[in-house]
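Every number in this text was worked out from the coordinates using simple rules, so none of it is lab data. What you are looking at is a predicted structure, and each value in this text was computed from that prediction instead of being measured.
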Amino acid sequence: GTVPCYVCVHGNQLSQYVNEGADVSLRCDNVVNSDCSLIMWLHTRDSFPNAIQEVSNGKVRVNSKRAEKLSVDTDCSLHVHNVTAEDAGLYTCRILKHQTAFHTDTDTYLSVLTSEYFCLQPVTIRCSLHTYDGPGICKSFINSKVNLNWVDETGRKLQGDSRYQLTGPRCDITLTVTFQKEDNNRKWMCQLTKMEQVKTSVDFTSTFSGMYSCYLILSPDIKDVLLLN
């Protein structure tokens, strides 16, 4: 349910950008002596009517729908395992003060980069950023300088031409490309940048010998393989 904050001190508004399938730790500032007993973690999205309390008194709530993938570290940070699009949103670490209505909050906006692909000629790859605002939506100020771009293996931004078609808004961009022989072992990359700095990316490599293979690397440990007839 709703967890009101009667008197709050908000620290910096933080942002983190991760790939789907990764693990992430969200920090909690101003913790005294690593005492997590007064820690509460809340999860909010624009589509939620109320904040969801995931952690109470420093422990993951047993009735949380995501209890199996959440844990609280010794420094009171919140660890999210195997991140999915549903994990995107605003996370608030709230430190309660003894016998007062005074709280200290640390806010982190977690955004999750996902991709989907169709391995038919032409190949279509969609790269989307799931944010507090929703899938592919970057309207909040925290993401005002965020962009998704498709780049080649040299780092050059792909522009729409006869071979490459780019469609969609800046946080939900689709690349459509028809493979040619010279595309064997060629890499395309969906880069997420904020203020021109790369935060994360998804790699796509085309390889073939007799038939095409699509490799979509979501993170260093996750690789999906499809065959193109």
Along principal axes, largest first, the alpha-carbon spread of the stretch 7-111 in whole Å comes out as 39, 24, 23
Expressed in angstrom and rounded, the centroid-to-centroid distance over alpha carbons for the stretch 133-208 and the stretch 29-104 is 33
Cross-link reach from K139 to lysines, straight Cα distance under 29 Å and at least 8 residues apart if same chain, gives K65, K69, K157, K194, K199
